[in-house]
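Here the structure is laid out as C-alpha coordinates; the discussion comes afterwards.
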Amino acid sequence: MAAPIRVAQWATGNIGTRALREVIRDPRLVLVGVLVYDPAKAGVDAGTLCGEPVAGVTTTVDREVIHGLAVDCVLYMPRTVDVDDLVRLLERGVDVVTTCVELFDGGRALPEADRDRIAEACVRGDASIFATGSSPGFITHVLPQALLMLQRRVDLVEIFEYANMSRRDSPHMLFEQIGFGTPMPAAPSAPRAVRTPPSVAAVADAAGTPAETWTFVNETAAARHDTEVLAGRIGAGTVGGRRMVYAGQHAGVDVVRITYCWYLTPDLDPAWPVGETGWRVRVHGDAPLEVAMPFPIPVDDLADFTPGYTANPPVNAIPYVVAARPGILDAVDLPPVTPAGPSPTAA
(Lines give C-alpha, C1' and ligand atoms only; values in the text may rest on other atoms or scores of the structure.)
Protein backbone atom coordinates (compact mmCIF):
# COMPACT_ATOMS: atom_id res chain seq x y z
CA MET A 1 0.00 0.00 0.00
CA ALA A 2 1.35 3.42 -0.93
CA ALA A 3 2.46 5.71 1.86
CA PRO A 4 0.12 8.61 2.71
CA ILE A 5 1.06 12.08 1.52
CA ARG A 6 2.88 14.13 4.15
CA VAL A 7 1.24 17.57 4.44
CA ALA A 8 2.06 20.76 6.31
CA GLN A 9 -0.51 23.53 6.85
CA TRP A 10 0.90 27.05 6.38
CA ALA A 11 -1.37 29.61 8.14
CA THR A 12 -4.52 28.95 10.12
CA GLY A 13 -6.96 31.75 9.49
CA ASN A 14 -10.62 31.00 8.84
CA ILE A 15 -9.90 29.04 5.66
CA GLY A 16 -6.63 27.52 6.83
CA THR A 17 -8.21 26.13 9.99
CA ARG A 18 -10.95 24.42 7.95
CA ALA A 19 -8.34 23.00 5.57
CA LEU A 20 -6.34 21.73 8.56
CA ARG A 21 -9.39 19.88 9.83
CA GLU A 22 -9.91 18.17 6.49
CA VAL A 23 -6.24 17.12 6.24
CA ILE A 24 -6.51 15.48 9.67
CA ARG A 25 -9.69 13.67 8.61
CA ASP A 26 -8.32 12.34 5.28
CA PRO A 27 -6.72 8.86 5.62
CA ARG A 28 -4.67 9.47 2.44
CA LEU A 29 -2.91 12.40 4.10
CA VAL A 30 -0.75 12.65 7.20
CA LEU A 31 -0.22 15.98 8.93
CA VAL A 32 3.42 16.63 9.80
CA GLY A 33 3.52 20.37 10.60
CA VAL A 34 1.46 23.54 11.13
CA LEU A 35 2.70 27.13 10.86
CA VAL A 36 0.68 29.79 12.68
CA TYR A 37 1.14 33.57 12.64
CA ASP A 38 -0.62 34.35 15.92
CA PRO A 39 1.66 33.65 18.92
CA ALA A 40 -1.44 32.76 20.94
CA LYS A 41 -1.93 29.74 18.67
CA ALA A 42 1.68 28.51 19.02
CA GLY A 43 2.41 25.32 20.94
CA VAL A 44 -1.15 24.04 20.54
CA ASP A 45 -1.99 20.58 19.23
CA ALA A 46 -3.24 20.88 15.63
CA GLY A 47 -6.34 18.84 16.36
CA THR A 48 -7.28 21.05 19.29
CA LEU A 49 -6.86 24.14 17.11
CA CYS A 50 -9.42 22.98 14.55
CA GLY A 51 -11.85 21.10 16.80
CA GLU A 52 -10.58 17.60 16.07
CA PRO A 53 -9.13 14.97 18.44
CA VAL A 54 -5.49 15.35 19.43
CA ALA A 55 -3.39 14.98 16.27
CA GLY A 56 0.07 14.72 17.82
CA VAL A 57 1.40 17.70 15.83
CA THR A 58 2.23 20.94 17.67
CA THR A 59 1.81 24.30 15.95
CA THR A 60 4.74 26.69 15.55
CA VAL A 61 5.39 30.31 14.59
CA ASP A 62 8.88 29.36 13.36
CA ARG A 63 8.80 28.89 9.60
CA GLU A 64 12.24 27.27 9.75
CA VAL A 65 10.57 24.32 11.44
CA ILE A 66 8.32 23.85 8.40
CA HIS A 67 11.22 24.31 5.98
CA GLY A 68 13.10 21.57 7.81
CA LEU A 69 10.33 18.97 7.70
CA ALA A 70 10.18 15.89 5.49
CA VAL A 71 7.01 16.94 3.70
CA ASP A 72 5.46 16.18 0.32
CA CYS A 73 3.01 19.07 0.05
CA VAL A 74 2.38 22.38 1.81
CA LEU A 75 -1.09 23.95 1.97
CA TYR A 76 0.02 27.57 1.67
CA MET A 77 -2.67 30.01 2.90
CA PRO A 78 -1.14 33.23 4.28
CA ARG A 79 -2.66 36.66 3.67
CA THR A 80 0.28 37.72 1.51
CA VAL A 81 2.68 35.74 -0.66
CA ASP A 82 6.32 35.45 0.37
CA VAL A 83 8.17 34.42 -2.77
CA ASP A 84 11.32 33.53 -0.82
CA ASP A 85 9.39 30.94 1.19
CA LEU A 86 7.80 29.48 -1.92
CA VAL A 87 11.14 29.21 -3.71
CA ARG A 88 12.69 27.42 -0.73
CA LEU A 89 9.85 24.90 -0.61
CA LEU A 90 9.71 24.22 -4.34
CA GLU A 91 13.43 23.92 -4.96
CA ARG A 92 13.70 21.14 -2.39
CA GLY A 93 10.90 19.21 -4.05
CA VAL A 94 7.90 20.21 -1.94
CA ASP A 95 4.67 20.65 -3.91
CA VAL A 96 2.51 23.62 -2.95
CA VAL A 97 -1.27 24.07 -3.09
CA THR A 98 -2.44 27.58 -2.30
CA THR A 99 -5.47 29.86 -2.12
CA CYS A 100 -3.39 33.02 -2.72
CA VAL A 101 -4.94 34.97 -5.59
CA GLU A 102 -1.53 36.16 -6.85
CA LEU A 103 -0.69 32.60 -7.89
CA PHE A 104 -3.69 31.96 -10.12
CA ASP A 105 -3.20 31.87 -13.90
CA GLY A 106 0.50 31.12 -13.80
CA GLY A 107 1.20 33.83 -11.25
CA ARG A 108 0.09 36.54 -13.68
CA ALA A 109 -0.44 39.05 -10.86
CA LEU A 110 3.15 38.72 -9.63
CA PRO A 111 6.06 40.77 -10.95
CA GLU A 112 7.74 38.94 -13.81
CA ALA A 113 10.94 38.44 -11.82
CA ASP A 114 9.01 36.68 -9.05
CA ARG A 115 7.17 34.46 -11.54
CA ASP A 116 10.48 33.48 -13.07
CA ARG A 117 11.98 32.65 -9.67
CA ILE A 118 9.02 30.41 -8.81
CA ALA A 119 9.08 28.67 -12.22
CA GLU A 120 12.83 28.06 -11.97
CA ALA A 121 12.44 26.66 -8.44
CA CYS A 122 9.82 24.21 -9.76
CA VAL A 123 12.33 22.98 -12.35
CA ARG A 124 15.18 22.65 -9.86
CA GLY A 125 13.04 20.78 -7.35
CA ASP A 126 10.83 18.84 -9.80
CA ALA A 127 7.89 20.35 -7.90
CA SER A 128 4.51 21.91 -8.67
CA ILE A 129 2.48 24.85 -7.37
CA PHE A 130 -1.27 25.16 -7.91
CA ALA A 131 -3.77 27.83 -6.82
CA THR A 132 -7.40 26.97 -6.24
CA GLY A 133 -10.41 27.76 -4.07
CA SER A 134 -13.99 28.88 -4.59
CA SER A 135 -13.81 32.51 -5.79
CA PRO A 136 -11.38 32.68 -7.48
CA GLY A 137 -11.17 29.02 -8.31
CA PHE A 138 -14.34 27.04 -8.88
CA ILE A 139 -16.46 29.96 -10.06
CA THR A 140 -13.78 31.44 -12.34
CA HIS A 141 -11.74 28.46 -13.53
CA VAL A 142 -14.04 25.41 -13.43
CA LEU A 143 -17.75 26.10 -13.92
CA PRO A 144 -17.49 28.72 -16.72
CA GLN A 145 -15.16 26.48 -18.71
CA ALA A 146 -17.64 23.60 -18.41
CA LEU A 147 -20.43 25.83 -19.76
CA LEU A 148 -18.22 27.02 -22.61
CA MET A 149 -17.96 23.43 -23.85
CA LEU A 150 -21.49 23.85 -25.26
CA GLN A 151 -20.71 27.04 -27.18
CA ARG A 152 -19.34 27.82 -30.64
CA ARG A 153 -19.77 31.59 -30.42
CA VAL A 154 -19.42 33.40 -27.11
CA ASP A 155 -20.44 37.06 -26.85
CA LEU A 156 -20.26 37.62 -23.08
CA VAL A 157 -19.70 35.64 -19.88
CA GLU A 158 -21.15 37.11 -16.68
CA ILE A 159 -20.44 35.90 -13.15
CA PHE A 160 -22.35 37.20 -10.12
CA GLU A 161 -21.30 36.51 -6.55
CA TYR A 162 -23.78 37.42 -3.79
CA ALA A 163 -22.99 37.42 -0.08
CA ASN A 164 -25.43 38.22 2.71
CA MET A 165 -23.05 39.27 5.51
CA SER A 166 -25.66 40.17 8.10
CA ARG A 167 -24.81 37.16 10.30
CA ARG A 168 -21.03 37.53 10.00
CA ASP A 169 -19.59 38.32 13.44
CA SER A 170 -16.62 40.29 12.08
CA PRO A 171 -17.05 43.97 13.04
CA HIS A 172 -13.58 45.07 11.87
CA MET A 173 -13.97 43.46 8.45
CA LEU A 174 -17.54 44.69 7.91
CA PHE A 175 -17.32 48.22 9.24
CA GLU A 176 -13.65 49.14 8.83
CA GLN A 177 -12.43 47.16 5.81
CA ILE A 178 -15.59 46.92 3.69
CA GLY A 179 -17.13 50.16 4.98
CA PHE A 180 -20.66 49.10 5.86
CA GLY A 181 -22.39 51.70 8.03
CA THR A 182 -20.26 54.59 6.75
CA PRO A 183 -21.75 57.70 5.08
CA MET A 184 -22.70 57.28 1.45
CA PRO A 185 -20.30 58.92 -1.04
CA ALA A 186 -21.35 62.30 -2.41
CA ALA A 187 -21.30 61.03 -6.02
CA PRO A 188 -21.58 57.61 -7.66
CA SER A 189 -18.34 55.86 -8.54
CA ALA A 190 -17.30 55.93 -12.19
CA PRO A 191 -15.59 53.02 -13.98
CA ARG A 192 -11.82 53.31 -14.14
CA ALA A 193 -9.16 51.46 -16.09
CA VAL A 194 -7.31 48.74 -14.15
CA ARG A 195 -4.65 46.13 -14.73
CA THR A 196 -5.71 42.67 -15.82
CA PRO A 197 -7.37 40.85 -12.89
CA PRO A 198 -5.81 37.38 -13.19
CA SER A 199 -8.66 35.39 -11.69
CA VAL A 200 -11.14 36.75 -14.26
CA ALA A 201 -8.94 36.97 -17.33
CA ALA A 202 -8.96 33.17 -17.61
CA VAL A 203 -12.69 33.26 -18.40
CA ALA A 204 -12.23 35.53 -21.40
CA ASP A 205 -9.23 33.49 -22.54
CA ALA A 206 -11.30 30.29 -22.43
CA ALA A 207 -14.11 31.93 -24.41
CA GLY A 208 -11.67 32.67 -27.23
CA THR A 209 -11.79 36.47 -27.01
CA PRO A 210 -9.10 37.60 -24.56
CA ALA A 211 -9.84 40.98 -23.01
CA GLU A 212 -7.63 43.83 -24.26
CA THR A 213 -8.66 46.36 -21.60
CA TRP A 214 -10.24 46.16 -18.15
CA THR A 215 -12.40 48.49 -16.09
CA PHE A 216 -13.48 48.44 -12.45
CA VAL A 217 -16.32 50.20 -10.67
CA ASN A 218 -16.99 50.18 -6.91
CA GLU A 219 -20.63 51.01 -6.20
CA THR A 220 -22.51 51.52 -2.93
CA ALA A 221 -26.17 51.41 -1.94
CA ALA A 222 -27.77 52.76 1.23
CA ALA A 223 -29.74 50.82 3.81
CA ARG A 224 -33.30 52.14 3.73
CA HIS A 225 -33.82 51.53 7.46
CA ASP A 226 -31.80 51.18 10.64
CA THR A 227 -30.57 47.60 10.56
CA GLU A 228 -29.34 45.31 13.34
CA VAL A 229 -26.82 42.67 12.26
CA LEU A 230 -24.80 40.18 14.25
CA ALA A 231 -21.71 42.42 14.27
CA GLY A 232 -23.54 45.61 15.27
CA ARG A 233 -25.90 48.20 13.85
CA ILE A 234 -25.98 50.40 10.74
CA GLY A 235 -28.11 53.48 10.35
CA ALA A 236 -30.63 54.30 7.66
CA GLY A 237 -28.96 56.10 4.78
CA THR A 238 -25.50 54.63 5.43
CA VAL A 239 -23.74 52.05 3.27
CA GLY A 240 -25.68 48.78 3.41
CA GLY A 241 -24.47 47.20 0.17
CA ARG A 242 -21.32 47.21 -1.90
CA ARG A 243 -21.03 46.08 -5.50
CA MET A 244 -17.67 45.69 -7.29
CA VAL A 245 -17.65 45.02 -11.02
CA TYR A 246 -14.66 44.01 -13.14
CA ALA A 247 -15.28 44.08 -16.89
CA GLY A 248 -12.98 43.04 -19.70
CA GLN A 249 -13.35 44.49 -23.20
CA HIS A 250 -12.34 43.23 -26.63
CA ALA A 251 -12.54 45.78 -29.44
CA GLY A 252 -14.31 48.09 -26.98
CA VAL A 253 -17.11 45.62 -26.12
CA ASP A 254 -17.48 43.74 -22.81
CA VAL A 255 -16.64 40.05 -23.21
CA VAL A 256 -16.50 39.13 -19.51
CA ARG A 257 -17.93 40.69 -16.33
CA ILE A 258 -17.70 39.57 -12.74
CA THR A 259 -19.82 41.25 -10.10
CA TYR A 260 -19.26 40.89 -6.37
CA CYS A 261 -22.35 42.02 -4.45
CA TRP A 262 -22.01 42.07 -0.66
CA TYR A 263 -24.79 43.36 1.58
CA LEU A 264 -26.06 43.60 5.17
CA THR A 265 -29.67 44.09 4.11
CA PRO A 266 -31.49 43.44 0.80
CA ASP A 267 -33.60 46.58 1.36
CA LEU A 268 -31.31 49.00 -0.45
CA ASP A 269 -31.48 52.37 -2.20
CA PRO A 270 -31.02 52.09 -5.14
CA ALA A 271 -32.90 48.80 -5.26
CA TRP A 272 -30.24 46.46 -6.58
CA PRO A 273 -31.19 42.94 -7.73
CA VAL A 274 -29.75 41.22 -4.65
CA GLY A 275 -29.57 37.43 -4.85
CA GLU A 276 -29.27 34.80 -2.18
CA THR A 277 -25.74 34.02 -1.06
CA GLY A 278 -24.09 32.03 -3.83
CA TRP A 279 -23.32 32.44 -7.53
CA ARG A 280 -25.02 33.03 -10.89
CA VAL A 281 -23.30 32.46 -14.23
CA ARG A 282 -24.69 33.59 -17.60
CA VAL A 283 -23.20 32.75 -20.98
CA HIS A 284 -24.40 34.83 -23.93
CA GLY A 285 -23.69 33.12 -27.24
CA ASP A 286 -25.11 30.72 -29.77
CA ALA A 287 -26.12 28.32 -26.94
CA PRO A 288 -27.14 30.73 -24.15
CA LEU A 289 -27.13 29.40 -20.59
CA GLU A 290 -27.81 30.61 -17.07
CA VAL A 291 -26.86 28.67 -13.95
CA ALA A 292 -27.94 29.73 -10.45
CA MET A 293 -26.20 28.23 -7.43
CA PRO A 294 -27.51 29.74 -4.20
CA PHE A 295 -26.14 28.08 -1.08
CA PRO A 296 -28.99 26.01 0.47
CA ILE A 297 -28.03 27.13 3.98
CA PRO A 298 -29.98 29.28 6.47
CA VAL A 299 -28.42 32.73 6.84
CA ASP A 300 -27.65 32.07 10.52
CA ASP A 301 -25.58 29.01 9.55
CA LEU A 302 -23.57 30.52 6.70
CA ALA A 303 -20.51 31.23 8.85
CA ASP A 304 -20.25 27.52 9.71
CA PHE A 305 -20.42 26.31 6.11
CA THR A 306 -18.89 28.94 3.84
CA PRO A 307 -15.20 28.32 4.80
CA GLY A 308 -15.54 24.84 3.30
CA TYR A 309 -16.29 26.22 -0.15
CA THR A 310 -12.77 27.69 -0.27
CA ALA A 311 -10.89 25.20 1.91
CA ASN A 312 -12.13 21.97 0.33
CA PRO A 313 -10.77 22.47 -3.23
CA PRO A 314 -7.11 22.81 -2.16
CA VAL A 315 -7.33 19.78 0.12
CA ASN A 316 -8.95 17.78 -2.68
CA ALA A 317 -6.23 18.91 -5.07
CA ILE A 318 -3.28 17.63 -3.01
CA PRO A 319 -3.03 14.12 -4.56
CA TYR A 320 -3.46 15.55 -8.06
CA VAL A 321 -0.71 18.13 -7.60
CA VAL A 322 1.68 15.61 -6.06
CA ALA A 323 1.15 13.41 -9.14
CA ALA A 324 1.39 16.28 -11.66
CA ARG A 325 4.21 17.54 -13.82
CA PRO A 326 6.51 20.18 -12.33
CA GLY A 327 5.73 23.85 -12.84
CA ILE A 328 3.14 26.52 -12.10
CA LEU A 329 -0.11 24.69 -12.75
CA ASP A 330 -3.56 25.89 -13.79
CA ALA A 331 -6.90 24.09 -13.62
CA VAL A 332 -6.50 22.88 -17.21
CA ASP A 333 -3.28 21.07 -16.23
CA LEU A 334 -5.13 18.69 -13.88
CA PRO A 335 -7.96 16.20 -14.35
CA PRO A 336 -11.30 17.18 -12.77
CA VAL A 337 -10.54 17.47 -9.05
CA THR A 338 -12.84 15.44 -6.79
CA PRO A 339 -12.62 14.19 -3.18
CA ALA A 340 -11.62 10.70 -4.38
CA GLY A 341 -8.55 11.82 -6.29
CA PRO A 342 -5.73 9.64 -7.62
CA SER A 343 -4.10 7.13 -5.32
CA PRO A 344 -1.21 8.65 -3.32
CA THR A 345 2.27 7.51 -4.22
CA ALA A 346 5.20 7.07 -1.91
CA ALA A 347 7.59 10.02 -1.82
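Miscellaneous remarks
- Matching strands (runs of 3 or more DSSP E) fully within segment 274-339 where at least 1 residues are aromatic (F, W, Y) and farther than 28 Å from D116 by Cβ: 278-285
- Residue match in segment 109-129 (condition: under 20 Å from the mean Cα position of the chain (by Cα) and part of a strand (DSSP E or B)): yes
- From the list V337, V253, the lone residue that is crowded, with 17+ Cβ neighbours inside 10 Å and farther than 30 Å from F180 by Cβ is V337.
- Of residues in segment 282-313 being in contact with a Leu (Cβ under 6 Å, 6 or more places away or on another chain) and aliphatic (A, V, I, L, M), the one farthest from G133 (Cα to Cα): A287
- Count of segment 84-105 residues which are touching a Pro at 6+ places or on another chain (Cβ under 8 Å) and not charged (D, E, K, R): 6
- Among the residues making up segment 41-63, those that are more than 14 Å from L31 (Cβ to Cβ), of a type in the set (D, E, K, R) and within 25 Å of the chain's Cα centre (by Cα) are K41, R63.
- Residues considered: A317, A303. Of these, the only one that is among the hydrophobic types (A, V, I, L, M, F, W, C) and under 23 Å from A201 (Cβ atoms) is A317.
- Against the conditions (1) loosely packed, with under 12 Cβ neighbours inside 10 Å; (2) not assigned by TED's automatic domain parsing to the domain that holds D95, M293 satisfies every one except (1).
- For V65, the conditions (1) touching a helix residue (DSSP H, G or I) at 6+ places or on another chain (Cβ under 9 Å); (2) part of a helix (DSSP H, G or I); (3) aliphatic (A, V, I, L, M); (4) over 27 Å from Y246 (Cβ atoms) all hold with the exception of (1).
The values are calculated or read from the model by the stated rules, or taken from the named source; none is laboratory data. Note that the structure is predicted; figures quoted are calculated from it, not measured. Here Cβ is always computed from backbone atoms with ideal geometry, including for glycine, and neighbour counts include all displayed protein chains.
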